[in-house]
Amino acid sequence: MIMLRSCVLRAFVTAALFSMTGAQATYSTSTAELLSELIRVDSSNPSGREGRIAELLASKFRPLGFKVDIVPTPEPGKAHFLARLKGDGSKGPVLLAAHADVVGVEREKWTVDPFAGTIREGYVYGRGAIDFKGGLAVFAEAVMRLARNHVPLHRDVILLSEADEEGGRYSTTWLAETHWNLIRCEFALNEGGWIIKDQNEKIRYVSISTADKLSVSLLLTARGTSTHSSMPRPDSPIYALARALSKLADYDTPVQLIPSTRDFFLTLARTSEPPLSTYFNDLVNSADPAMVQKADREISKDPLLHAIMRNTIAPVFLKAGFRGNVIPGSAQATINMRVIPGADPRALISQIRGIINDPRVELTLIPANTPDGARMAENLRLAANLKPSAKETPLYRALERSARSLWPGVPVTAYLFQAGTDALAWRSRGVPVYGIYPYPITPEDLTRMHGNDERVPVRSLEQGTELIYRTLVEVASK
């Protein structure tokens with residue numbers, strides 16, 4: 001009888017929640033206001049100063065009865081924040097992870113103060129609005145809503161606000177090595193997949209990432225004779241490096257689809273209009289190389305879609321010269337490769353070496369005896385045998401059902417995240433992790449991530465909060 005009453009109560013709560021569709025709901029601005037507060041704490045990494053974010057969050061979670069832990073790192077000012085809402089312990093915890101650090105800015109290229117958290121014309125502007133303080137605000141608001149509504153829980157719900165995701169030695173890998181008991185869980189939500197809408201505010205698809213690409217840094221080093229700039233020689237390392245980069249600029253790696261990417265493109269094939277629907281289908285199913293090439297060319301006009309179906313190569317740093325009257329003896333470029341799970345980075349490096357085809361240009365991974373090199377080597381080791389997180393878990397299914405209920409008729413699909421996240425700390429220990437940027441955005445909004453005038457719609461933040469709250473009610477409540 002007790003179990004029956006519990007099931008009836010849960011069904012009533014769920015029905016009440018799900019009766020409110022995305023079109024009908026009246027949205028508050030609470031998540032937007034929290035995001036604005038988070039943006040006003042400048043946590044650009046380096047140096048991050050995520051400890052200030054931790055204190056801000058602690059002031060909001062402690063009064064609601066959460067068990068709060070702030071884990072300082074060996075670097076002053078950096079800290080991880082954890083808030084745990086206790087359940088009865090009959091099921092394993094669910095964890096929501098979001099990083100508090102953000103990348104830096106080119107202030108002169110912004111039209112607003114990137115650290116003011118400006119709310120105007122239906123958007124929250126600021127560094128991290130999309131990546132990933134917006135997600136932190138959504139996750140935090142959804143978890144706090146469980147406490148405010150006194151939802152009875154079968155499992156603990158843990159919110160983690162992380163340090164050093166954008167770079168640094170005290171990321172979740174460090175946290176898992178030193179404080180695994182605080183973040184051990186049955187499954188986790190993280191950043192990853194996208195909810196993409198068109199310019200008419202129609203949502204095209206909801207993608208939930210089950211795997212991430214791996215970030216690998218490659219050094220291209222050209223060498224030549226260092227001499228006076230008035231006497232140029234044919235072995236200039238800057239020219240050699242420029243020619244190598246020019247060859248890479250004209251090269252695209254071949255299409256390489258894993259099962260989740262195939263499912264993603266087939267979903268788009270079913271929900272798109274011709275001729276795009278035909279291109280998606282040809283990309284996955286055609287045995288004709290010419291048709292696949294044409295499909296690739298057309299689909300790749302969308303940079304996001306171009307990125308998820310192949311290993312990618314992008315120059316990110318250039319280093320050459322030290323005086324205006326000296327031809328330097330070397331020139332170096334750092335190439336960031338994003339590698340599909342299961343692909344061999346060495347094979348990609350071999351491709352690049354063949355494309356450059358110049359013995360004067362040396363290709364090496366960043367040295368393992370440097371902090372960045374050591375972290376990359378460890379990530380390569382951990383990721384070597386990883387498989388995508390399975391879809392047959394209560395968390396994935398709850399997120400899928402919640403998305404379908406909030407946006408009826410919109411396809412929901414698994415996805416390979418085109419960038420990297422800190423999910424490796426859990427996936428390498430066998431814990432399923434699912435990624436989502438929990439707010440609908442347009443492709444134009446997406447281009448602003450890590451760019452200028454980064455922004456996220458206020459209404460999308462509230463829709464995302466509803467999505468995550470519904471998911472938690474289904475997966476964690478009695």
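The values are calculated or read from the model by the stated rules, or taken from the named source; none is laboratory data. All of these numbers come straight from a predicted model, not from anything done at the bench. Cβ sites come from the backbone with ideal geometry, for glycine too, and all protein chains shown count toward neighbours. When the accessible area is computed, the model is the full protein with side chains, heavy atoms only, and any ligands, DNA or RNA have been set aside. Shrake-Rupley method; radii C 1.70, N 1.55, O 1.52, S 1.80 Å.
Tabulated data for the structure shown
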{"quantity": "Scan of the stretch 352-411 for residues that are under 20 Å from the mean Cα position of the chain (by Cα) and of a type in the set (Ser, Thr, Tyr), ordered by number", "calculated": "Ser389, Tyr396"}
{"quantity": "Complete set of residues in the stretch 132-155 that are open to solvent by 10 Å² or more (accessible area, probe 1.4 Å) and either modelled with pLDDT under 95 or over 14 Å from Leu64 (Cβ atoms) (or both)", "calculated": "Pro152, His154"}
{"quantity": "Pair list, Cβ under 7 Å, 6 or more apart: the stretch 73-93 residue under 27 Å from Gly51 (Cα atoms) and open to solvent by 60 Å² or more (accessible area, probe 1.4 Å), other residue of a type in the set (Asp, Glu) and assigned to a loop (DSSP other than H, G, I, E, B)", "calculated": "Lys86/Asp156"}
{"quantity": "When residues of the stretch 179-200 are limited to those that are over 20 Å from Pro432 (Cα atoms) and touching a residue at least 40 places away in the same chain (Cβ under 8 Å), the one most open to solvent (accessible area, probe 1.4 Å)", "calculated": "Gln199"}
{"quantity": "Top-ranked residue in the stretch 379-419 [being in a loop (DSSP other than H, G, I, E, B) and farther than 28 Å from Ser272 by Cβ; ranked as most open to solvent (accessible area, probe 1.4 Å)]", "calculated": "Lys387"}
{"quantity": "Residue list for the stretch 131-155, restricted to those being in a loop (DSSP other than H, G, I, E, B), in contact (Cβ under 8 Å) with a residue 40 or more places away in the chain, more than 30 Å from Ala377 (Cβ to Cβ) and out of contact with any Pro (no Cβ under 9 Å at 6 or more places or on another chain)", "calculated": "Val151, Pro152, His154"}
{"quantity": "Filtered residue count, the stretch 401-436, keeping only those that are hydroxyl-bearing (Ser, Thr, Tyr), in contact with a Leu (Cβ under 9 Å, 6 or more places away or on another chain) and under 23 Å from His80 (Cα atoms)", "calculated": "2"}
{"quantity": "Single residue of Ala331, Ala320, Ala307, Ala295 found to be without any contact (Cβ under 8 Å) to a residue 40 or more places away in the chain and crowded, with 17+ Cβ neighbours inside 10 Å", "calculated": "Ala295"}
{"quantity": "Failed criterion for Asp358 (all others in (1) acidic (Asp, Glu); (2) in contact with a strand residue (DSSP E or B) (Cβ under 9 Å, 6 or more places away or on another chain); (3) in a helix (DSSP H, G or I) hold)", "calculated": "(3)"}
{"quantity": "For Thr267: the one exception among (1) under 24 Å from Gly354 (Cβ atoms); (2) crowded, with 18+ Cβ neighbours inside 10 Å; (3) in contact (Cβ under 8 Å) with a residue 40 or more places away in the chain", "calculated": "(1)"}
{"quantity": "Tally of residues being crowded, with 24+ Cβ neighbours inside 10 Å, out of contact with any His (no Cβ under 7 Å at 6 or more places or on another chain) and assigned to a loop (DSSP other than H, G, I, E, B) across the stretch 156-170", "calculated": "1"}
